[in-house]
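The values are calculated or read from the model by the stated rules, or taken from the named source; none is laboratory data. The model shown is predicted, which means the values in this text are computed figures rather than measured ones. Please note: Cβ atoms are built from the backbone with ideal geometry, for glycine as well, and neighbour counts cover all protein chains shown.
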């Protein structure tokens, strides 16, 4: 239950920060950091990868060593990547041209990371995975800081001058969301794998037999340690979500571990509160909630009524008309997002009650 609720918190937060009433009026914590640094919004995606990683030990345990599991992993990864491409096509805010169509995105990164994590957990030991995680973070730091970019030099971490963006431009060409850099780029996927690996370590730790009393505290302490190391590393390799720097990978994974530990203590070791059920419902249908929210939001944006799109009409008449004089434009935009989360919470709660779980 703790993992379901943790994943549910993450999906609800992802919908909240992705669908404000208007992007022109958003509270700073509900928007991404411009470049270096972080906001709570920057933690949503790594929390989702961490949750995915935490679920892998349980899911793989029943099928380990079977050819069917490899087929399932590959099939699931390709389906996720395909759904991501379909969402890219739907949410594209410019005329479609294949030469400039973005091929990467949130679901695409999840698909790649999932396939790597599944392969590692099936083929290697936990000790090997820890070595891989540590080596990946150190190697990523080294190449980003010391490998020179043509015409720029080494260690330049600007959007245009960093090595990851250079590789994306070289390999992807115009197939990016916002050239000259890509938020879910190729090289930066490597430390994102480490974020998910941290989740597998947490999931394996909590799923072990024996006394569970000390596991919450141990996981929380490990998360706090990772967070502190990430903050220390920030002084030489800045926390940056777009580049998924090694400091950001450790910092975000550490915070995720602490939140999961608190969920484990409150829900798995003590009586779960009835208030956790809606979050559990989000966590049991994460893909359908996320994809459905994106599709509906884009449909409302494209549906024109009397010269205005449906989303703008709903926002202006139901929220902005009273929110601006009462609480300000940012509050009105937030209330729209909260209402949208509540709507999808009702949808997944009904699915949960009927024991309908949609996945790949």
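Just a few scattered comments:
- Condition broken by residue 261, with the remaining ones in (1) more than 23 Å from residue 32 (Cβ to Cβ); (2) in contact (Cβ under 8 Å) with a residue 60 or more places away in the chain; (3) crowded, with 20+ Cβ neighbours inside 10 Å satisfied: (2)
- Unmet requirement for residue 95, which otherwise passes all of (1) part of a helix (DSSP H, G or I); (2) free of Cβ contacts under 8 Å to residues at least 60 places away in the same chain: (1)
- Looking across 202, 224, one residue alone is touching a residue at least 24 places away in the same chain (Cβ under 8 Å) and either in contact with a strand residue (DSSP E or B) (Cβ under 7 Å, 6 or more places away or on another chain) or surrounded by fewer than 16 Cβ atoms within 10 Å (Cβ to Cβ) (or both). It is 224.
- Close pairs from the range 342-360: first more than 25 Å from residue 81 (Cβ to Cβ), partner at pLDDT below 90, Cβ under 6 Å, at least 6 apart: 345/278; 349/278
- Qualifying residue in the range 11-24 (condition: over 15 Å from residue 334 (Cα atoms) and either out of contact with any strand residue (DSSP E or B) (no Cβ under 7 Å at 6 or more places or on another chain) or assigned to a helix (DSSP H, G or I) (or both)): yes
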